[in-house]
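Structure, as structure tokens:
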Amino acid sequence: LWGRFPPVYLLRPPPVAAGNGPVGPGGSRTYAPPAERKRFYQNVSISQGEGGYEINLDHRKLKTPQARLFTVPTEALAIAVATEWDSQKDTIKFYTMHLTTLCNTALDNPTQRNKMQLIRAAVKFLDTDTICYRVEEPAALAELQKNEWDPIVAWAEKRYNVTIGSSTSILGPNIPASTKETFISHLASYNMWALQGIEYVITQLKSLILSMGLIDRHITVEKAVLLSRLEEEYQIQRWGNVEWAHDYDLCELRARAAAGTLFVHLCSESSSVKHKLLQD
Amino acid sequence: MAVLGSPLRTLRALLRELRQASGGTGRPYRDTPAYRHILAAFRAHRVTSEKLCRAQQELHFQAATYLCLLRSVREHAALHQEYHGKGERSPEEVAGLVGFRLPQQPGGKG
């Protein structure tokens, strides 16, 4: 319903061997970047440069799709990205490298949005937030939504001191402007990189509230994905599970939500270990 | 706060995932920066005088999230390989599905 065009860099796995792009009008081939190519490097390592941490594939420095130098702000994020590259076997499966994709998006900003545009895009999801948009029938599903989603809405209302509510109307919930303002100013406290991650998680889960639940460590990724897919899970319980579709989508959503959440935390952390002296 | 379970369990599962993920160069997985970083982080936060240490919980949540990421990526890749990784069938195979055989044309087509 409220789908939006995925960012340029979200690559879907190809159903057939990559390399054949779609044929445009007049018979010319339009460019489609390959979703898989052979692993061409032996060693992956990290080094610290002027702009941040860099990834080295053998002697070459990793670059973004727009040919910028690939730099990340924290060492932990660099290690995680390096691990993604190192775990590729014979072929590089770009569609499994979610952290790399997120870094590329943050560095290139292909949709060319500034901070306020990103925040507004995120808060806009609140109008059609999945967990505020309720059904009236079947009664069992309505009951399930009430039992599973109401506590999360209540948590968000308490945590952010706002009114959200839920609705069975086709127009969706009526979110007061003050609520939106609160979320806008809250999101403004995150840096640009973290915001890219937050907007990504919201787009994947189709819910701002569930995403904030993840960012605030109130629920785990598995729980957030379950709540996002509540209706699917209900139908699976009723009609049965289809592994090549349901489990496939479940794993993909979990991977993306986990990557986005980790990305946000790794971009906004400032950890320091205080060593206390032992007192006798 | 999210329900996470025992940190030891998360750590062991995470290290197991790392072992499964490392397969590129044949270097032992204990040698990788990720392994060392995770162990160092867990060790640094092990001893704390507080009962409810916020930094510890943050680290545990991060570790659990990373574990979810590694596990889901591996499972997704396996599912893709099994169900969507085979590509198209050749014309011979398609004909064979309904019991036909393609004709042999020694001079080529047309």
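Quick note: the coordinates plus some simple rules give every number you see, no bench work behind them. Everything quoted here is computed from the prediction, not taken from an experiment. As a convention, Cβ positions derive from the backbone with ideal geometry for all residues, glycine included, and neighbour counts pool all protein chains shown.
A few remarks follow.
- As an equivalent ellipsoid, the stretch A:133-209 spans semi-axes of 26, 15, 11 angstrom, where each value is the square root of five times an eigenvalue of the C-alpha gyration tensor, largest first.
- Likely footprinting exposure, A:155, A:239, A:244, fewest C-beta neighbours within 10 Å first: A:239, A:244, A:155
- Average partner coverage of A:75-87, which counts Cβ from other chains inside 10 Å: 5
- Considering only B:84, B:68, B:94, and ranking their Cα positions along the charge dipole of chain B that arises from unit charges at the beta-carbon of Lys, Arg, Asp and Glu, the one farthest toward the positive end is B:68.
- Peptide A:209-219 shows a mean partner chain C-beta count of 2 within 10 Å per residue C-beta.
- Using θ = phi - 60° in the Karplus curve 6.51 cos²θ - 1.76 cosθ + 1.60, the 3J(HN,Hα) couplings for the stretch A:257-262 round to 5, 5, 4, x, 5, 4 Hz; x is entered for Gly and Pro.
- Using the average count of surrounding beta-carbon atoms within 10 Å as a protection proxy, the listed peptides A:90-101, A:158-169 rank, highest first, as A:90-101, A:158-169.
- Cross-link check: pairs A:38/A:115; A:63/A:93; A:115/A:223; A:63/A:206; A:63/A:89; A:38/A:63 evaluated at a Cα-Cα cut-off of 26 Å; pairs beyond the cut-off: A:38/A:115; A:115/A:223; A:63/A:206.
- An ellipsoid equivalent to the stretch A:115-268, defined through the eigenvalues of its Cα gyration tensor, has semi-axes of 25, 20, 12 Å when rounded to whole angstrom and sorted largest first.
- Projected-area average for the stretch A:85-131 over all orientations - Cα convex hull basis, square nanometres: 5.1
- Averaged over the residues of peptide A:255-266, the number of Cβ atoms from other protein chains lying within 10 Å of each residue's Cβ is 5.
- Per-residue HN-Hα couplings for the stretch A:80-94 [Karplus 6.51, -1.76, 1.60; θ = phi - 60°; Hz; x = Gly/Pro]: 5, 5, 4, 5, 4, 5, 6, 8, 6, 9, 6, 10, 8, 9, 4
- Ordering of A:174-187, A:252-265 by packing [mean C-beta count within 10 Å, highest first]: A:252-265, A:174-187
- Legend: calculated FRET efficiency, residue A:115 to residue A:178, from the Cβ-Cβ distance at R0 = 22 Å, rounded to 0.05, equals 0.55.
- Computed from the Kirkwood radius of its Cα pairs, the Stokes-Einstein diffusion coefficient for the stretch A:44-108 at 25 °C and 0.890 mPa s stands at 208 µm²/s.
- Each Cα pair under 8 Å and six or more residues apart adds its separation to the average, and for the stretch B:7-98 the resulting relative contact order is 38 percent.
- Equivalent ellipsoid dimensions for the stretch A:23-167 as semi-axes, Å, which come from the Cα gyration tensor, largest first: 40, 22, 18
- For chain B, alpha-carbon Rg and Dmax in angstrom: 24.8, 86
- Residue with peak Gaussian network fluctuation, chain B [Cα springs, cutoff 10 Å], from B:70, B:14, B:97: B:97
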